[in-house]
Amino acid sequence: MKLSSVVTLLALVGSVALTAMQSDKNTKRKVVIGYVGGYKGLADLSRIDAKKLTHINYAFVNIKENRAFLQREGTDTLNFQNLVKLKQVNPELKILISIGGWSWSENFSDAALSDTSRKAFAQSAVKIIERYKLDGVDIDWEYPGIPGEEGNVYRPEDKENFTLMLKELRVALDVLQKERNEKKLLTIAAGGFKNFIDHTEMDKVQQYLDYVNLMTYDFYNGAIAGHHTNLYPSAKFPSAHSADNTFKEFVAAGVPENKLVMGIAFYSRAFTLKSNSTNGLGDSVLAGSYGKGYTFLKDSLINKNGFNAFVDKEAKAPYIFNSGTKEFMTYDDEESVKEKCKYVLKNNMAGVMFWEYSSDVNGYLLNQINKTLK
């Protein structure tokens, strides 16, 4: 064979191999991470469709005296046992404990403050997953270096200590991983706004993590009715908050695209607007609250009982407005979930996560997630 022919053949083989590698990269199964709440007590897990999930993050484990702490050990134990049973349906399913959350983040800063406290915290967290035969730890610190719930402790040192805490957790998980010969995961739930990035070292943090779950929901719009989980900025109501902006900001901060997970809201945010409100979106807010789950919205409110449904096409975000009662609700629906999943595929993200499973018991959104990501 002539040298030129050999070179051409080798180039062809290389091209085929590269195409195959790229195809494998793009077709790798995307993660579908569902948060399941046990913070209120015994959770009803009978309706969880384990085959449609890759991971379950159990919310939440508390922090006490610098250690991960089961606030309701009796019901937590039963919840863990029932969650592990789901592996009989889906052997690939991974179960993680999620530590903190909005209400139980007040002690993170103390737990992360010193070498001694970080080590105690990491070992206590790993001891829980070892005891209950779980697969990893998710840290939901709301938030390092900035206020979260009223009364939370926060310090400027949180920025570096957050990194050191996650490093200590990774070390402790690696020890268990080696002992059990089983992969042990470490993830975080990250605030979907620039101030979270400014008060963390995401370029350093990411090296210890398997996934960064972006909380691209609960976007705050002040006294104006806006979207709480929009994919893109709204032309009708300009705001800095969107999932697209969040993704780009985390990439710019040094987190690889394939570690980033898109957040989806299975619940709504509800607002009572002022009496002169006519549009819903962009009108003035009197009061706001955590809203109903999507199953309730779809079955009982959307285009029913005076609630008219609208779509902000630029933002890829739905909302409903009742002109009589002046109630406004913002949420994810099947179409907005489809758009978010397409975004995940286009941008080589790791997958999606959602808060929280019981908010859509009929599985409307989870079904759409699986349909689109396939």
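The values are calculated or read from the model by the stated rules, or taken from the named source; none is laboratory data. From a predicted model like this one, the values you see are computed outputs, not experimental measurements. Neighbour counts run over all protein chains shown; Cβ positions are idealised from the backbone, glycine included.
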Just give me the residues in segment 130-162 being touching a strand residue (DSSP E or B) at 6+ places or on another chain (Cβ under 6 Å) and of a type outside the set (D, E, K, R), in sequence order.
-> Leu134, Gly136, Val137, Ile139, Trp141, Tyr143
Surrounded by fewer than 23 Cβ atoms within 10 Å (Cβ to Cβ), modelled with pLDDT under 95 and out of contact with any Phe, Trp or Tyr (no Cβ under 7 Å at 6 or more places or on another chain) - does that describe any residue in segment 178-199?
-> no
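I'd like the full set of residues that are crowded, with 21+ Cβ neighbours inside 10 Å and touching a helix residue (DSSP H, G or I) at 6+ places or on another chain (Cβ under 6 Å), limited to segment 234-259.
Val255
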Of the residues in segment 144-162, those that are within 21 Å of the chain's Cα centre (by Cα) and not in a loop (DSSP other than H, G, I, E, B) come to Lys159, Phe162
Taking Pro144 as meeting all but one of (1) buried (at least 19 other Cβ atoms within 10 Å of the Cβ); (2) within 15 Å of Arg67 (Cα to Cα), write down the number of the exception.
-> (2)
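Looking at segment 256-265, can you tell me whether even one residue there is among the β-branched types (Val, Ile, Thr) and assigned to a loop (DSSP other than H, G, I, E, B)? If you could, list the steps in order and put the result at the bottom.
Just the residues of segment 256-265 that are among the β-branched types (Val, Ile, Thr), to begin with: 261, 264.
Now drop any that are not assigned to a loop (DSSP other than H, G, I, E, B), which leaves none.
Among the residues of segment 256-265, not one is among the β-branched types (Val, Ile, Thr) and assigned to a loop (DSSP other than H, G, I, E, B), which makes the answer no.
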Enumeration of residues in segment 250-289 that are among the hydrophobic types (A, V, I, L, M, F, W, C), within 23 Å of Met215 (Cα to Cα) and without any contact (Cβ under 8 Å) to a residue 60 or more places away in the chain | Val251, Ala252, Ala253, Val255, Ala270, Phe271, Leu281, Ala287
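Hydrophobic (A, V, I, L, M, F, W, C), out of contact with any Cys (no Cβ under 8 Å at 6 or more places or on another chain) and farther than 29 Å from Leu273 by Cβ: which single residue out of Val344, Val337, Val285 fits that description? Please lay out each step first, then the result.
On the way: Val337 fails: farther than 29 Å from Leu273 by Cβ; Val285 fails: farther than 29 Å from Leu273 by Cβ.
Unique residue meeting the criteria: Val344.
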